[in-house]
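Following: one structure in structure tokens, then a few remarks.
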Amino acid sequence: MNRESRFVRHAAAKPNPDAAEAEFLGEGGRVVLSGRWTADQGASVERAAARIASDAKGAPILVDLSKVARLDTLGAWVLERTRGEIEAAGGRLAYAGATAEHRILLGEMNLPDEDYAGPPKRGRLMGFLHDLGVRVVGAKSDMVSGLAFLGEVVTACIRVASRPSTFRGTALVNQLEQVAFRGVPIIMLISFLVGGIVAQQGIFQLQRFGAQSFVVNLIGLLILRELGVLLTSIMVAGRSGSAFTAEIGSMRMREEVDALRVMGLDPIEILIVPRILALVIGLPILAFLASLAALAGGGLTASLYGGMTIDAFLARLQAAVSFHHVAVGLIKAPFMALIIGIIATIEGFAVEGSAESLGRHVTASVVKSIFMVIVLDGLFAVFFAAIDF
């Protein structure tokens with residue numbers, strides 16, 4: 001016997017002890033897996049999975065993972081692929097004896113676990129009502145978590161106020177620069193253009209009745225009471241609110257928030273309080289500047305399209321509006337800033353460990369902030385109308 005034949009016989013006598021195996025017990029379609037279902041045992045994993053798929057024959061299969069030495073992403077993917085093949089043939093595969101790590105890997109394959117029998121079949125109406133109910137319950141959960149988070153922020157502010165030496169003034173100044181100072185050009189430009197557009201359309205419509213001079217009353221009341229602060233809040237939600245969510249979410253992904261807690265520091269006091277205070281201080285200033293820019297745009301448009309001089313525009317504006325109209329817009333601004341800050345930071349803390357999660361929560365932050373700002377503006381409008389202010 002030559003040396004090569006002796007080597008082959010010796011290798012055959014020692015099978016791989018780590019190879020993936022699938023043993024059918026015949027008790028209600030029970031299959032016991034053993035060995036290492038990992039990438040380095042890929043060939044045996046494929047053979048065992050193929051055996052499971054071929055012996056299933058459309059019958060329900062219960063796969064026992066309790067004896068699996070190790071399961072990695074490849075093994076989980078092959079098992080889930082096999083389950084898809086079995087279910088496509090009219091059978092069913094469920095898992096038993098899976099550890100927490102096994103469930104995580106199998107769950108990452110985007111297929112349900114052993115206790116999930118598939119989504120219930122619903123008609124269009126029932127599906128719509130189900131989705132609506134889920135969203136209503138989710139909105140209630142968001143409201144409760146928002147109130148709880150607001151309580152934590154208020155508590156942190158009280159702690160900072162009782163210990164002024166712990167307040168991070170540098171962080172507040174930095175956030176004011178990011179929120180207010182750097183946002184002035186774009187906010188004033190957009191407000192100027194919107195003011196001009198509103199004045200132009202108002203002049204075109206009022207000219208039919210020979211009342212184009214009343215466009216000053218229109219843009220004065222609309223901008224100072226509603227449009228100035230609303231536009232500013234929407235732009236701040238899209239600009240600064242999304243930035244807050246992205247910053248805090250990135251810190252969550254890099255576990256910097258957990259590091260702050262390990263060092264005995266309060267993330268609410270360090271990360272949230274300066275940002276929310278910057279919004280509460282900066283948004284009224286931006287709203288005031290935006291209103292001035294919108295009035296300037298309206299005045300320029302009135303002079304170009306309505307033949308109204310700047311002096312006449314200012315005189316008419318002074319007669320049409322008073323200080324309480326300005327106060328209405330400025331009173332709303334801090335509340336809108338608080339709403340934007342709370343939503344943005346909550347979504348930031350909800351970010352998990354993936355870029356997809358970060359993008360999803362940034363989007364949710366902007367959408368929820370804009371929605372709540374509009375709702376809050378409507379509530380304020382009803383309130384001020386009720387008290388005749």
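The values are calculated or read from the model by the stated rules, or taken from the named source; none is laboratory data. Model, not experiment: these values are computed from the prediction. Because the Cβ atoms are built from the backbone with ideal geometry, glycine has one as well, and the counts that use them run over all protein chains shown. Calculation scope for accessible area: heavy atoms of the full protein, side chains included, ligands and nucleic acids excluded. Shrake-Rupley method; radii C 1.70, N 1.55, O 1.52, S 1.80 Å.
List of remarks:
- Entry note, the chain: the mean residue ellipticity at 222 nm calculated from DSSP H runs of n ≥ 4, each adding -39500 (n - 2.57), is -22500 deg cm²/dmol after division by the residues and rounding to the nearest 500.
- Surface share of carbon and sulfur [accessible, 1.4 angstrom probe, percent] for the chain: 64 percent
- Whether region 242-355 is rounded, prolate or oblate, judged on the alpha carbon gyration tensor where a/c under 1.5 counts as rounded: prolate
- Amide H contacts of Leu93: Ile61, each under 5 Å away and 5 or more positions distant or on a separate chain (H built 1.01 Å from N in the peptide plane; Pro and chain starts excluded).
- Across region 180-187, coupling constants 3J(HN,Hα) worked out from phi with the 6.51/-1.76/1.60 Karplus curve, θ = phi - 60°, read 9, 4, 6, x, 4, x, 5, 5 Hz, and Gly and Pro carry x.
- Heavy-atom accessible area per residue - the chain, 1.4 Å, Å²: 55 Å²
- Non-local lysine pairs in the chain, meaning eight or more places apart or on different chains, with alpha-carbon distances under 29 Å, amount to 7.
- Here Leu300 and Lys140 are evaluated by their C-beta separation; at R0 = 35 Å the FRET efficiency comes out at 0.15.
- Efficiency of FRET from Cβ geometry, Ile197 and Val173, R₀ 35 Å, rounded to 0.05: 0.50
- Lys/Arg +1, Asp/Glu -1 at C-beta; region 154-234 dipole; positive extreme among Met188, Leu206, Ser162: Ser162
- In the chain, excluding the sites themselves, the longest stretch lacking any of the GluC sites (Glu not before Pro) that are in a DSSP loop with at most 13 other Cβ atoms within 10 Å is 28-254.
- Cut-off of 10 Å, at most 11 other beta carbons, DSSP loop: longest stretch of the chain lacking such trypsin sites (Lys or Arg not before Pro): 255-389
- Tail fraction, Cα-Cα pairs, region 173-245, threshold 20 Å, whole percent: 42 percent
- A Cβ-based charge dipole, computed about the Cα centre of region 145-258 with Lys and Arg at +1 and Asp and Glu at -1, lands at about 240 debye.
- If you sort Asp64, Asp142 by accessible surface, 1.4 Å probe, largest first, the order is Asp142, Asp64.
- Our summary gives the chain a relative contact order of 16 percent, counting only alpha carbon pairs under 8 angstrom and 6 or more residues apart.
- Here the Karplus curve 6.51 cos²θ - 1.76 cosθ + 1.60, taken at θ = phi - 60°, turns the phi angles of region 243-256 into couplings of 5, 4, 4, 5, 5, 5, x, 5, 5, 5, 5, 8, 6, 6 Hz, with x standing for Gly and Pro.
- In order along region 283-296, the phi-based Karplus estimate (6.51 cos²θ - 1.76 cosθ + 1.60, θ = phi - 60°) of 3J(HN,Hα) comes to 5, x, 5, 5, 5, 5, 5, 5, 5, 4, 5, 5, 5, 5 Hz; Gly and Pro are listed as x.
- For the Cα trace of the chain, dividing Rg by the Kirkwood Rh returns an Rg/Rh value of 1.22.
- Close amide H partners of Ala20, meaning residues 5 or more places away or on another chain with modelled amide H under 5 Å apart, are Arg36, Ser44, Val45.
- Label point distance in nm, Ala148-Ser213, each placed 7 Å from Cα along Cα→Cβ: 6.1 nm
- Rounded accessible area of Leu74 (nearest 10 Å², 1.4 Å probe): 70 Å²
- The chymotrypsin sites (Phe, Trp or Tyr not before Pro) of region 145-227 include none that meets both criteria, a DSSP state outside H, G, I, E and B (loop) and at most 12 other C-beta atoms within 10 angstrom of the site's C-beta.
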